[in-house]
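Quick notes on the structure that follows.
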Amino acid sequence: MRILVSGASVAGPVLAYWLTRHGFAVTVVERAPTLRKTGGHAVDLFRPAVDISEKMGVLPLVEERATGSNRITVHQEGARRPVRVDLSKIFSATSDRHLEIMRDDLSEIYYDAAPDDVEYIFGDSITAISPDGEVRFENAAPRRFDLIVGADGLHSNVRRLVFGDECRFSAFIGAYLGVLTGASWNVPATPLKIANNIQKVGQSPFSRAQPVGA
């Protein structure tokens, strides 16, 4: 059975790992020319994800690159003082296993864990999917697959091709989220203005994670 997975960030490489172990022929296509190393933000792994990483044999690597945040400071426009949230209490109440790691590091670990017979196609993207499983790409020649999986994120290209534009199914909830990777945490006391200058994030609250030990 030939399976195509769109997206080589986190879900795609993990799915490719397990499908290959069960005897499927897996191809992963990724729009970026290489694995993404763009900074970004940390992700939290709770018990199910930690258990899966352990079964894949990569948990020690995840632990080596683990980061950590012990609190979040939320600045609300118009509020007299910020709100500080103790993350350690939330995490301990949510799961008895928890790790935080930068998304790019996690993606690299899962990618390296994949068997050699997983086919990765970088710098390409799906442009059309026919009912009989024929897939057309931006660059590669058309190919036919038995199953196509969209693991390509929030604004999934596969979902758009199959179901139509996401604006038909999404609803604005009245807030934007901005995530910044900064060289220093010594920022002015008006992070909302900083966010608005960098990217139009509207009038939503802006929060930043405080590093462990800070």
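The values are calculated or read from the model by the stated rules, or taken from the named source; none is laboratory data. As the structure is a prediction and not an experimental result, all values here were calculated from the model. Cβ sites come from the backbone with ideal geometry, for glycine too, and all protein chains shown count toward neighbours. Ligands, DNA and RNA are excluded from the accessible area calculation, which covers all protein heavy atoms including side chains. Shrake-Rupley method; radii C 1.70, N 1.55, O 1.52, S 1.80 Å.
Which members of segment 87-144 meet the condition of being more than 18 Å from Ala11 (Cβ to Cβ), touching a strand residue (DSSP E or B) at 6+ places or on another chain (Cβ under 7 Å) and of a type in the set (Ser, Thr, Tyr)?
Residues satisfying the conditions are Ser88, Thr94, Ser95, Thr127.
Regarding segment 13-20, can at least one residue be identified that is surrounded by fewer than 17 Cβ atoms within 10 Å (Cβ to Cβ) and either on the phi < 0 side of the Ramachandran plot or at pLDDT 95 or above (or both)?
So far as segment 13-20 goes, yes, one or more of its residues are surrounded by fewer than 17 Cβ atoms within 10 Å (Cβ to Cβ) and either on the phi < 0 side of the Ramachandran plot or at pLDDT 95 or above (or both).
Testing Val201 on (1) modelled with pLDDT of 70 or more; (2) in contact with a Gly (Cβ under 7 Å, 6 or more places away or on another chain); (3) of a type in the set (A, V, I, L, M, F, W, C), one condition comes back false. Which one is that?
(1)
Among Leu87, Leu19, which is the only one that is more than 30 Å from Ile126 (Cα to Cα) and among the hydrophobic types (A, V, I, L, M, F, W, C)? Talk me through it step by step, then tell me what you get.
Working: Leu19 fails: more than 30 Å from Ile126 (Cα to Cα).
Just one listed residue meets the conditions, Leu87.
Quick one: in segment 85-141, of everything that is within 22 Å of the chain's Cα centre (by Cα) and of a type in the set (Lys, Arg), which residue is farthest from Ala66 (Cα to Cα)?
Top of the filtered list is Arg97.
How many residues does segment 66-76 contain that are under 23 Å from the mean Cα position of the chain (by Cα) and either open to solvent by 90 Å² or more (accessible area, probe 1.4 Å) or over 15 Å from Ala42 (Cβ atoms) (or both)?
The qualifying residues number 2.
Residues that are open to solvent by less than 40 Å² (accessible area, probe 1.4 Å), at least 3 per element: which strands (runs of 3 or more DSSP E) completely within segment 77-170 meet that?
Passing ranges, in order: 98-102.
Which pairs do you get when a residue that is in contact (Cβ under 8 Å) with a residue 60 or more places away in the chain, found in segment 72-89, comes within reach of a residue that is assigned to a loop (DSSP other than H, G, I, E, B), reach meaning Cβ atoms under 7 angstrom, with the pair 6+ apart or on two chains?
Once the first residue is in contact (Cβ under 8 Å) with a residue 60 or more places away in the chain and sits in segment 72-89, its partners that are assigned to a loop (DSSP other than H, G, I, E, B) give Thr73/Pro82; Val74/Pro82; Val74/Pro205; His75/Pro82; His75/Pro205; Gln76/Pro205; Glu77/Gln203.
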